[in-house]
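The structure under discussion appears below in the form of structure tokens.
The values are calculated or read from the model by the stated rules, or taken from the named source; none is laboratory data. None of these values were measured; they are calculated from a predicted model. So basically every Cβ, Gly included, is an ideal-geometry build from the backbone, and we count neighbours across all protein chains shown. Protein only, heavy atoms only, side chains kept; ligands, DNA and RNA dropped before computing areas. Shrake-Rupley method; radii C 1.70, N 1.55, O 1.52, S 1.80 Å.
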Amino acid sequence: MKVLKFGSASIATADKMKNVANIVARGGNNIIVLSSMRGTAEALAEVSDYLYKKNQEGAIEIINRLEKQYNDFVSGLFSEEAFRLKAEEVITAKFNYIRTFTKDLFTLFEERVIMAQSELLSSELFHLYLIEKKINAALIPALEYMRTDKNSAPDPVYIKEKLTALLDAAKGADLYITQGYICRNAYGEIDDLRKGGSDYTASLVGAAVGADEIQIWADVHAMQNNDPRYVKGTTAIRHLNFDEAAELAYFGIKILHPSSILPAKLADIPVCLKNTEYPDATGTLISNETEARAIKAVAAKDNITAIKIKSGRMLLAHGFLRRVTEVFENYQTSIDMLATSEIGVSLTIDDDKNIQLILDELKKYGTVSVDSNMVIISVIGNLESEDASFASTILNAVKGISIRMISYGGSKYNFSFLIESKDKEKTLQILNDKLFN
């Protein structure tokens with residue numbers, strides 16, 4: 001059994017939903033996890049905002065507009081009138097239910113109930129469309145098995161027990177459809193999985209059923225070892241270790257957030273990233289397997305601020321580094337890279353919201369200098385420290401580029417260095433040519 005998750009963009013139009021149906025129909029006995037349709041969550045969030053402000057008219061206007069969009073959607077989705085009428089009944093019932101929340105007190109509880117309707121709508125319409133296509137599919141309600149505990153963490157024992165019972169009750173179906181993101185909390189209230197969303201649902205479901213593979217389908221370009229907007233001759237990444245994927249996620253690459261696939265990592269279930277536009281493409285496989293001494297990707301993180309604190313008092317002084325890092329902790333600002341010497345500390349941040357306050361604090365400990373608009377370049381792969389050849393290969397490739405900082409050792413999967421933004425495109429192209437071509 002496999003778990004296939006489809007994101008909002010993959011089911012954004014009737015034609016896209018038909019394409020997803022064709023994809024899932026190719027293999028049986030799988031679990032399909034659906035996100036909300038694109039734009040629905042945003043519209044319902046706007047409805048909630050109006051209701052918090054006690055503007056019922058504004059909320060109803062958004063609700064009416066969204067309902068019309070759904071009716072237009074089903075007109076293009078269903079070919080048989082009987083199924084189209086059933087779909088319209090589903091839509092009418094859902095939106096009439098949402099309208100009931102415009103008449104009473106509106107709190108966070110009501111907002112979560114309203115927001116959950118987006119995943120319930122997409123899954124019910126998709127299930128109905130599969131039935132029209134004569135595919136034996138069963139709808140498994142996420143609100144009956146997906147639960148978090150008092151710490152808002154998923155309860156894996158409860159999830160496995162309830163999901164197994166629901167699948168047994170629907171035994172004989174070729175496909176099982178469920179909702180991503182939504183759940184109930186420890187008090188039985190409708191809630192959501194916060195960070196990770198539907199990807200997290202797919203990972204939790206996969207771990208609960210012992211899936212052979214979890215597939216995350218998205219309507220995006222295939223993952224590349226560099227951004228094709230900046231670099232020519234890029235190639236798709238075929239395999240990543242979970243830790244390599246985590247490093248790439250940090251640099252903003254369109255990849256899964258590490259926390260969302262942690263259940264899959266712990267259960268040793270491979271995760272495959274697939275593209276709905278190219279369903280026959282191999283995709284990118286993420287697993288616990290590691291390829292020996294292999295460089296997988298080069299990534300760039302923009303808008304970096306470099307800060308250097310120089311102080312003669314630092315020499316042999318205990319606690320100096322702790323006092324410096326506490327300044328950033330006090331302003332809830334994460335440090336990306338850090339390098340030390342006997343008389344100074346250099347570090348980088350990607351959030352300069354409190355930069356002036358931070359600098360004022362740091363001036364208590366030494367002379368402070370700042371460079372803005374820098375870029376961190378990161379080479380990702382299995383970069384074993386025993387094999388130093390990769391480091392010389394990287395540094396020789398960029399010997400004509402001015403490098404401000406180098407970071408390696410915190411992770412064997414990441415070799416990073418800091419450059420000026422004006423050298424970004426040139427550096428990425430050089431590394432792509434030297435490391436991959």
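Quick check on Ala264: is it buried (at least 23 other Cβ atoms within 10 Å of the Cβ) and either closer than 18 Å to Asn414 by Cα or at pLDDT below 75 (or both)?
no
Those residues that are in a helix (DSSP H, G or I) and small (Gly, Ala, Ser), I need them from region 71-110; list them, please.
To start, the set of residues in region 71-110 that are in a helix (DSSP H, G or I) comprises 71-77, 81-102, 108-110.
Correct list: Ser75, Gly76, Ala82, Ala87, Ala93.
Has region 84-92 got at least one residue that is touching a Lys or Arg at 6+ places or on another chain (Cβ under 6 Å) and open to solvent by 10 Å² or more (accessible area, probe 1.4 Å)? First the steps, then the outcome.
The first filter runs over region 84-92 and keeps only residues touching a Lys or Arg at 6+ places or on another chain (Cβ under 6 Å), leaving none.
Looking for residues that are touching a Lys or Arg at 6+ places or on another chain (Cβ under 6 Å) and open to solvent by 10 Å² or more (accessible area, probe 1.4 Å), one finds none in region 84-92, hence no.
Considering only residues that are free of Cβ contacts under 8 Å to residues at least 24 places away in the same chain and assigned to a helix (DSSP H, G or I), look in region 23-55 and name the one that is most open to solvent (accessible area, probe 1.4 Å).
Glu42
Looking only at region 267-296, count every residue that is crowded, with 19+ Cβ neighbours inside 10 Å and at pLDDT 85 or above and tell me the total.
Taking region 267-296 first, the residues crowded, with 19+ Cβ neighbours inside 10 Å are 269-271, 273-276, 283-284, 286, 295-296.
Pick out the ones that are also at pLDDT 85 or above and you get 269-271, 273-276, 283-284, 286.
Count: 10.
Within region 339-355, restricting attention to residues that are of a type in the set (A, V, I, L, M, F, W, C) and buried (at least 19 other Cβ atoms within 10 Å of the Cβ), which residue is nearest to the chain's Cα centre (by Cα)? Reasoning before the result, please.
Taking region 339-355 and keeping what is of a type in the set (A, V, I, L, M, F, W, C), we get 339, 343, 345, 347, 349, 355.
Keeping just the survivors that are buried (at least 19 other Cβ atoms within 10 Å of the Cβ) gives 345, 347, 349.
On the way: Val345: 33, Leu347: 27, Ile349: 22 Å.
Step by step, filter region 339-355, then rank; the result is Ile349.
With the checklist (1) open to solvent by 20 Å² or more (accessible area, probe 1.4 Å); (2) β-branched (Val, Ile, Thr); (3) part of a strand (DSSP E or B) in hand, flag the one item Val379 doesn't pass.
Of everything listed in (1) open to solvent by 20 Å² or more (accessible area, probe 1.4 Å); (2) β-branched (Val, Ile, Thr); (3) part of a strand (DSSP E or B), Val379 misses just condition (1).
Does Asp352 qualify as being in contact (Cβ under 8 Å) with a residue 40 or more places away in the chain and either of a type in the set (Asp, Glu) or more than 30 Å from Ala249 (Cα to Cα) (or both)?
Judged against the criteria, Asp352 is a match.
Looking at Phe106, Phe73, can you tell me which residue is open to solvent by less than 50 Å² (accessible area, probe 1.4 Å), at pLDDT 95 or above and of a type in the set (Phe, Trp, Tyr)?
Phe73 is the lone residue from the list that is open to solvent by less than 50 Å² (accessible area, probe 1.4 Å), at pLDDT 95 or above and of a type in the set (Phe, Trp, Tyr).
Criterion first (touching a residue at least 12 places away in the same chain (Cβ under 8 Å) and either within 23 Å of Gly180 (Cα to Cα) or open to solvent by less than 70 Å² (accessible area, probe 1.4 Å) (or both)) does Arg65 satisfy it? Spell out the reasoning first.
Details: touching a residue at least 12 places away in the same chain (Cβ under 8 Å): yes; either within 23 Å of Gly180 (Cα to Cα) or open to solvent by less than 70 Å² (accessible area, probe 1.4 Å) (or both): no.
Taking the combined requirement at face value, the residue does not satisfy it.
Is region 178-189 home to any residue that is among the charged types (D, E, K, R), surrounded by fewer than 20 Cβ atoms within 10 Å (Cβ to Cβ), touching a His at 6+ places or on another chain (Cβ under 7 Å) and closer than 19 Å to Ala116 by Cα?
no
Could you list all residues from region 2-22 that are surrounded by fewer than 19 Cβ atoms within 10 Å (Cβ to Cβ), in contact with a Phe, Trp or Tyr (Cβ under 9 Å, 6 or more places away or on another chain) and part of a loop (DSSP other than H, G, I, E, B)?
If the condition is that a residue be surrounded by fewer than 19 Cβ atoms within 10 Å (Cβ to Cβ), in contact with a Phe, Trp or Tyr (Cβ under 9 Å, 6 or more places away or on another chain) and part of a loop (DSSP other than H, G, I, E, B), then Thr13 is the only one that fits.
If you go through region 147-166 one residue at a time, do you hit one that is part of a strand (DSSP E or B) and of a type outside the set (D, E, K, R)?
yes
β-branched (Val, Ile, Thr) and in a strand (DSSP E or B): which single residue out of Thr348, Thr325, Thr393 fits that description?
Details: Thr325 fails: in a strand (DSSP E or B); Thr393 fails: in a strand (DSSP E or B).
It is Thr348.
Which of the residues belonging to region 310-322 are open to solvent by less than 40 Å² (accessible area, probe 1.4 Å) and not in a loop (DSSP other than H, G, I, E, B)?
Met314, Phe320
Among the candidates Asn96, Asn151, which residue alone is open to solvent by 50 Å² or more (accessible area, probe 1.4 Å), under 30 Å from Asn71 (Cβ atoms) and assigned by the TED database to the domain that holds Gln56? Full working, then the answer.
Details: Asn151 fails: under 30 Å from Asn71 (Cβ atoms).
Just a single option satisfies the conditions, and that option is Asn96.
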